[in-house]
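Each remark here refers to the structure printed beneath this line.
The values are calculated or read from the model by the stated rules, or taken from the named source; none is laboratory data. Keep in mind that this is a model prediction, so the values were computed, not measured. FYI the Cβ positions are ideal-geometry reconstructions off the backbone, even for glycines, and counts take in every protein chain you see. These accessible areas exclude ligands, DNA and RNA; they are computed on the full protein's heavy atoms, side chains included. Shrake-Rupley method; radii C 1.70, N 1.55, O 1.52, S 1.80 Å.
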Amino acid sequence: TLNPYLFPAQYDDNLKIEVQVNPEFGSQEKAEIQAIKFATVIGRLTTELRKDVKTVWIHRGNEPFGGGNNNLLIHTDYSEKNYEEQGILEETFVHEAAHTSLDSYHAESEEWLSEQTKDCNFISDYARDNPIREDIAESYLPYLAIRYRVDRISNSLKDTIENIMPNRIDYFDKQNFDMYPIN
């Protein structure tokens, strides 16, 4: 039995998340540093991506992040060596939070699967090889890029995204997602 350090994270859109930090960090103070670090980044995600996140688990270790089951799973060693060094920490949270807050509503819906079929292609090999489990999470970040951060990507990347997944883009457009704080 472990007793994690618990920290409440409350955001200005009234969503709350309990950040649970493994006691392996050694003290309340060290655990709080990790909680604040990751809760801050998670707070930059849209309301839509955080709506079903109830808990965040933070552990040491060299394992990838995870999402789903109303949770985001973080391993700090992997984060530092991979996501943070590459500058893709927020992008990784978009992917994992899409698992948590979008998959259960959309990944197996008739309309999503129809749009997936109409597109005849996938944005990544990972999505292609795991169309039910990974396509929403893999497609949502490119969607965010072309709709809300187009100034951060090249024109050729924008064209590629629009050519590969036009029907999925239309699908996401129709969902009336809560895009705060982006919009």
Express in Å², to the nearest 10, the accessible area of residue 128 obtained by rolling a 1.4 Å probe over the protein heavy atoms while all chains stay in place. 120 Å²
In sequence order, what are the phi-derived ³J(HN,Hα) couplings for segment 12-24 according to the Karplus relation 6.51 cos²θ - 1.76 cosθ + 1.60 with θ = phi - 60°, rounded to whole Hz, with x for glycine and proline? 6, 9, 6, 7, 10, 9, 8, 9, 10, 10, 4, x, 4
Leaving ligands, DNA and RNA out of it, work out the accessible area of residue 95 with a 1.4 Å probe and give it in Å² to the nearest 10. 30 Å²
With all protein chains present, the chain has a carbon and sulfur share of its accessible area (1.4 Å probe) in percent of 46 percent
What is the distance in Å between the Cα centres of segment 27-48 and segment 138-165? 27 Å
Rounded to the nearest 0.05, what FRET efficiency do residue 6 and residue 160 give with R0 = 41 Å and r taken as the Cβ-Cβ distance? Could you check? 0.40
Springs between alpha-carbon pairs under 10 angstrom, Gaussian network model over the chain: which of 109, 139, 101 fluctuates most? 109
On the full set of protein chains, 1.4 Å probe, figure out the accessible area of residue 90 and give it in Å² to the nearest 10. 80 Å²
Under 27 Å between alpha carbons, and skipping anything fewer than 8 positions from residue 54 in its own chain: which lysines qualify? 16, 30, 37, 81, 174
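Just to be sure I understand: of the beta bridges DSSP finds with both ends in the chain, what percent are antiparallel, rounded to 5? Please report the intermediate quantities before stating the final value.
Numbers: 9 of 18 bridges.
Counting only bridges with both partners in the chain, antiparallel ones make up about 50 percent.
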Leaving ligands and nucleic acids out of the surface, order 33, 169 by accessible area at 1.4 Å, largest first. 33, 169
Computed from these coordinates, which is percent of Cα pairs over 22 Å apart: (i) 68; (ii) 54; (iii) 47? (iii)
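Solvent-accessible area per residue for segment 84-170 at a 1.4 Å probe radius, Å²?
Details: 4550 Å² over 87 residues.
So segment 84-170 comes to 52 Å² accessible per residue, rounded to a whole number.
Once you sort the root eigenvalues of the Cα gyration tensor of segment 91-183 as a ≥ b ≥ c, which label holds: rounded (a/c under 1.5), prolate (a/b larger than b/c) or oblate (the other case)? Don't skip to the answer; put the middle values down first.
Details: a/c = 1.44, a/b = 1.13, b/c = 1.27.
Rounded, because the longest to shortest axis ratio a/c is under 1.5.
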